[in-house]
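Only one structure is covered here, and it is reproduced in the block below.
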Amino acid sequence: MVESELGMIPKGWNVSELKEIATLEKTFNPKKVEPLNVAHFSLPAFDQQEYPITENSEQRVKIL
């Protein structure tokens, strides 16, 4: 570990801005996608072999 402006980091790592190593690509607009019913488990429900919750993707986008 070595000292950096953010504190201790692994030796050989660098501190930089995310935009220097990644790009944001918007491939679709969620508001223009046809609504879809999706099933998903919470981790506790999955572990207990319970049924998934089904939600409409259009409702989910509005919540987020």
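Count the net charge of all other residues whose Cβ sits under 14 Å from the Cβ of V15, scoring Lys and Arg as +1 and Asp and Glu as -1. Net local charge, V15 excluded: -2. Extending 7 Å from the Cα toward the beta-carbon at both W13 and K32 defines two label points whose distance is 3.9 nm. Note that the stretch 16-28 has calculated 3J(HN,Hα) couplings of 8, 7, 4, 5, 7, 10, 8, 10, 9, 10, 9, 9, 7 Hz, one per residue in order, obtained from phi through the Karplus relation 6.51 cos²θ - 1.76 cosθ + 1.60 (θ = phi - 60°); glycine and proline are x.
When you count the other C-beta atoms within 10 angstrom of each residue and take the mean per peptide, 36-42, 20-26, 2-8 line up highest first as 36-42, 2-8, 20-26.
Each value in this text was obtained by applying a stated rule to the coordinates, not by laboratory testing. None of the values given here were measured: they were computed from a predicted structure. For neighbour counting, all protein chains shown are included, and Cβ atoms are generated from backbone atoms with ideal geometry for every residue, glycine included.
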